[in-house]
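**Q** I am attaching a structure below and will ask some questions about it afterwards.
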Amino acid sequence: MEKIELIEAIGGTIPLYVRYNVGCKIFGMSQREFEILADKAGAIHKVGKMNLVNTVVFNDFLQPYKLPPESKSRM
């Protein structure tokens with residue numbers, strides 16, 4: 001399932017809390033990388049045996065990594 005299809009499937013907005021397998025698809029990265037970054041961001045909430053990631057905290061953590069508009073990626 002692609003990122004846009006996933007967001008449409010969950011109602012058109014990104015939920016506040018997501019599991020790892022959903023969050024990695026929303027943010028377009030591997031699940032392992034999502035887990036590592038979510039931990040660094042302090043966005044993980046443990047509920048029983050389930051880990052939930054606060055998408056607002058995670059997104060705020062990613063903002064300093066945003067490239068300026070004139071920069072071009074070397075991909």
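**Q** For region 42-56, does any single residue satisfy the condition of being part of a helix (DSSP H, G or I), free of Cβ contacts under 8 Å to residues at least 40 places away in the same chain, among the hydrophobic types (A, V, I, L, M, F, W, C) and on the phi < 0 side of the Ramachandran plot? Before the answer, list the steps.
**A** Residues of region 42-56 part of a helix (DSSP H, G or I): 55-56.
Among the residues that remain, those that are also free of Cβ contacts under 8 Å to residues at least 40 places away in the same chain are: none.
The answer is no; no qualifying residue exists.
**Q** Do the conditions hold for ASN59, that is, is it out of contact with any strand residue (DSSP E or B) (no Cβ under 9 Å at 6 or more places or on another chain), under 13 Å from ILE14 (Cβ atoms), of a type outside the set (D, E, K, R) and surrounded by 14 or more Cβ atoms within 10 Å (Cβ to Cβ)?
**A** When the stated conditions are applied, ASN59 passes them.
**Q** Among LEU67, LEU37, which is of a type in the set (A, V, I, L, M) and more than 13 Å from the chain's Cα centre (by Cα)?
**A** LEU67
**Q** Same structure again: Write out, first by first residue and then by second, each pair whose Cβ atoms fall under 7 Å of each other, whose residues are 6+ apart or on separate chains, and whose first residue, in region 4-30, is closer than 15 Å to ASN54 by Cβ while the second is modelled with pLDDT under 65 and of a type in the set (Lys, Arg).
**A** ILE26/LYS3
**Q** I'd like the full set of residues that are assigned to a helix (DSSP H, G or I), within 10 Å of the chain's Cα centre (by Cα) and not aliphatic (A, V, I, L, M), limited to region 22-32.
**A** In the first step, residues of region 22-32 are kept if they are assigned to a helix (DSSP H, G or I); the result is 22-27, 31-32.
Applying the additional criterion that residues be within 10 Å of the chain's Cα centre (by Cα) yields 22-27, 31.
Passing the criteria: GLY23, CYS24, LYS25, PHE27, GLN31.
The values are calculated or read from the model by the stated rules, or taken from the named source; none is laboratory data. All values derive from a computational prediction rather than experimental measurement. Every residue, glycine as well, gets a Cβ built from its backbone with ideal geometry; the counts of neighbours run over all protein chains shown.
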